[in-house]
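Student: Can you read through this structure? Questions will come right after.
The values are calculated or read from the model by the stated rules, or taken from the named source; none is laboratory data. Remember, predicted model here, so these are calculated numbers, not experimental data. Cβ placement follows ideal geometry from the backbone for every residue including glycine, while neighbour counts extend to all protein chains displayed. The accessibility values were calculated without ligands, DNA or RNA, using every heavy atom of the protein model including side chains. Shrake-Rupley method; radii C 1.70, N 1.55, O 1.52, S 1.80 Å.
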Amino acid sequence: MASDSACSGDVTLGSPTRTCANKSSPRILCTGIAVLDEIFRVDEFPPADGKAQASEFIAVGGGCAANAAVAIARLGGRASFAGPLGGPAGHEPISDRILAGLAGEGVDCAGCVRLDGVTSALSAIFVNARGERTIATYRDHRLDAVTPRDAEALAAGADAVLADNRFPTFSLPICRAALRRGVPVVLDADKPAVPGDPLFATCSHIVFSAEGLRATMGIDDLAAALRTFGQATNAFLAVTNGSDPVLWRDHDDAIRELPVFRVAAVDTLAAGDVFHGGFALALIEGREVADALWFAAAAAGLKCTRFGGSAAAPMRNEVDALLAKN
């Protein structure tokens, strides 16, 4: 399947990428994990061996890459999701619900692979009155060995790829195929890894979570960790840190700082995923990296003001309005 968007060459920190000429509707493939999130809103987390009364409840699709796909679709991009799921169809209700939710957002899931006799990942999440969350997740690790049916075909249909690092066996061949084509490959490095993880070498842009970067590098200072990681890669590097500024490495190897939007946080769940989706979309629309980070920060900030995980991801007009005020 060939992409229907014309693209031109560009270079980011030594890695060839292409920006999409069809800026009105770029196609971004998100690959990695999808989860069914059952989210409870409580005043305070339940104590040990105790109970808490929830004031709100929602069951909604989750997972880093799947959430990013929802965000991209709401922000005006054409999103697809490819990842391993339980099966078979019609007999594994968690996967069926995940896929139905993504389809309802306009996300193409043709690249998913379902493994019979396995249940997809499920999370129970409590969000307190301050927007903090605590999460318990079940995942069948038989999904770890699943590979895509045709990585080359999936990459050929995308103007950019966004991967998380939860299912590297599935995502790695897709990222390699996309990098060979010269399209941007953005990695959501949320899960702690090792600096030599092969997935890092397949990406043109790597955006860590603060926890992921600290654990990967064994360095508490985020700027120092980013600078040290950058010694071994030409990829663009950034790290998000909740309500603190985003740090990113510039072309001259300097560490830059980007303030985030100050919001009254109601629910931070999926905010990082929305950030990654917004960043990938802004890049492929042709924004410079600093502007792409600013766009992503606006989308993530708006998400934090509403309860409901990925169901609270903002629409494009909301992000544009917030940016216009700032």
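Student: How large is the dipole of the stretch 233-311 about the Cα centre if only Lys and Arg carry +1 and Asp and Glu carry -1, each at its Cβ, rounded to the nearest 20 debye? The partial results should precede the final answer.
Tutor: Working: 6 positive and 10 negative charges, 65 e Å.
Using only the charged Cβ atoms, the result is roughly 320 debye.
Student: On a full-extension model of 0.36 nm per residue, what is the gain between ALA89 and ASN241, subtracting their alpha-carbon distance, rounded to one decimal in nm? Show your work: numbers first, answer last.
Tutor: Details: separation 152, 0.36 × 152 = 54.72 nm, distance 3.83 nm.
This chain segment gains 50.9 nm when fully extended.
Student: Further, regarding this structure: So what's the gap between the Cα centers of the stretch 287-307 and the stretch 95-128, to the nearest angstrom?
Tutor: What the calculation gives is 25 Å, centre to centre.
Student: In debye to the nearest 20, how big a dipole does the stretch 141-271 give about its Cα centre with +1 on each Lys and Arg Cβ and -1 on each Asp and Glu Cβ? Present the calculation step by step, with values, prior to reporting the outcome.
Tutor: Working: 12 positive and 17 negative charges, 69 e Å.
Computed about the Cα centre, the dipole is about 340 debye.
Student: About the Cα centre, and with charges only on the beta carbon of Lys, Arg (+1) and Asp, Glu (-1), how big is the dipole of the chain? Nearest 20 debye, please.
Tutor: On the way: 29 positive and 38 negative charges, 84 e Å.
Here the size comes out at about 400 debye.
Student: Assuming a ≥ b ≥ c are the square roots of the Cα gyration tensor eigenvalues, decide whether the stretch 128-181 counts as rounded (a/c under 1.5), prolate (otherwise, with a/b larger than b/c) or oblate. Please report the intermediate quantities before stating the final value.
Tutor: Working: a/c = 3.99, a/b = 1.80, b/c = 2.22.
Here the stretch 128-181 falls in the oblate category.
Student: At what distance in angstrom do the alpha carbon centres of the stretch 199-233 and the stretch 141-166 lie from each other?
Tutor: 22
Student: Using a 7 Å offset from the Cα along the Cα-to-Cβ direction at both ALA52 and ARG262, what is the distance between the two label points in nm, to one decimal?
Tutor: 2.7
Student: Continuing with this model, one more query. Sorting check: for 127-133, 171-177, which peptide has the highest mean count of neighbouring beta carbons within 10 Å, and how do the rest follow?
Tutor: Values: 127-133: 16.6, 171-177: 23.4.
In descending order of packing, they fall as 171-177, 127-133.
Student: Ok, one more. Extending each Cα 7 Å along its Cβ direction at ASN326 and ALA100, get the distance between those two points in nm, one decimal.
Tutor: 3.6
Student: Okay, moving on. Could you list the residues of the stretch 44-77 with an amide nitrogen less than 14 Å from a label point located 7 Å from the Cα of GLU132 in the Cα-to-C-beta direction?
Tutor: 44-48
Student: While we're here: Could you state the accessible area per residue of the chain in Å², with a 1.4 Å probe and every protein chain left in place?
Tutor: That works out to 41 Å² for each residue.
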